[in-house]
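A short write-up of the structure that comes next.
The values are calculated or read from the model by the stated rules, or taken from the named source; none is laboratory data. Predicted model only: the values in this text are computed from it and were never measured. Cβ sites come from the backbone with ideal geometry, for glycine too, and all protein chains shown count toward neighbours.
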């Protein structure tokens, strides 16, 4: 199998695990704590991003980069840009097109997954 495809499949498996963290955190904050939907979305996305970094570093990209601070900062910078894209897509689909909030979030996650993978593969973990 092509190595980039294998990495992407692993990245998606990690992402699916992270998505469960993202959705459950978002749901708890939005539905139970009654937090603003975009704040809940941001916290859920951030919790998943940290989890995803740790798992992707070890399993997907097999990173042994000694400069963990720079690697994590790069990963999180890409994730923050992804978060902005995510929130923008959720806003457009939910607020402007009146699609269900969680369906909008799912579409946003699919789009941002591609962005995050490409940026992390070619920047964050490029030396591995």
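For segment 105-122, does any single residue satisfy the condition of being surrounded by fewer than 17 Cβ atoms within 10 Å (Cβ to Cβ), within 14 Å of the chain's Cα centre (by Cα) and touching a residue at least 24 places away in the same chain (Cβ under 8 Å)?
Yes, because at least one residue in segment 105-122 is surrounded by fewer than 17 Cβ atoms within 10 Å (Cβ to Cβ), within 14 Å of the chain's Cα centre (by Cα) and touching a residue at least 24 places away in the same chain (Cβ under 8 Å).
Among the residues of segment 29-45, count how many are surrounded by fewer than 17 Cβ atoms within 10 Å (Cβ to Cβ) and either touching a residue at least 12 places away in the same chain (Cβ under 8 Å) or on the phi > 0 side of the Ramachandran plot (or both).
2
Each row is one residue, and each column tells you yes or no for (1) closer than 14 Å to residue 86 by Cβ; (2) in contact with a strand residue (DSSP E or B) (Cβ under 8 Å, 6 or more places away or on another chain); (3) at pLDDT below 95; (4) not in a helix (DSSP H, G or I).
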{"residue": "4", "(1), (2), (3), (4)": "no, no, yes, no"}
{"residue": "9", "(1), (2), (3), (4)": "no, no, no, no"}
{"residue": "13", "(1), (2), (3), (4)": "no, no, no, no"}
{"residue": "21", "(1), (2), (3), (4)": "no, no, no, no"}
{"residue": "25", "(1), (2), (3), (4)": "yes, no, no, no"}
{"residue": "31", "(1), (2), (3), (4)": "no, no, no, no"}
{"residue": "45", "(1), (2), (3), (4)": "yes, no, yes, no"}
{"residue": "48", "(1), (2), (3), (4)": "yes, no, yes, no"}
{"residue": "56", "(1), (2), (3), (4)": "no, no, no, no"}
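Could you say which residue among 55, 99 is free of Cβ contacts under 8 Å to residues at least 40 places away in the same chain, surrounded by fewer than 19 Cβ atoms within 10 Å (Cβ to Cβ), in contact with a helix residue (DSSP H, G or I) (Cβ under 9 Å, 6 or more places away or on another chain) and closer than 30 Å to residue 30 by Cβ?
One residue alone meets the criteria, 99.
Residues checked against (1) at pLDDT 95 or above; (2) in contact with a strand residue (DSSP E or B) (Cβ under 8 Å, 6 or more places away or on another chain); (3) within 21 Å of residue 52 (Cα to Cα):
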| residue | (1), (2), (3) |
| --- | --- |
| 66 | no, no, yes |
| 74 | yes, no, yes |
| 79 | no, no, yes |
| 82 | no, no, yes |
| 85 | yes, no, yes |
| 94 | yes, no, no |
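So which residues in segment 58-82 are under 17 Å from residue 12 (Cα atoms) and either under 12 Å from the mean Cα position of the chain (by Cα) or not in a loop (DSSP other than H, G, I, E, B) (or both)?
58, 59, 60, 75, 78, 79, 82
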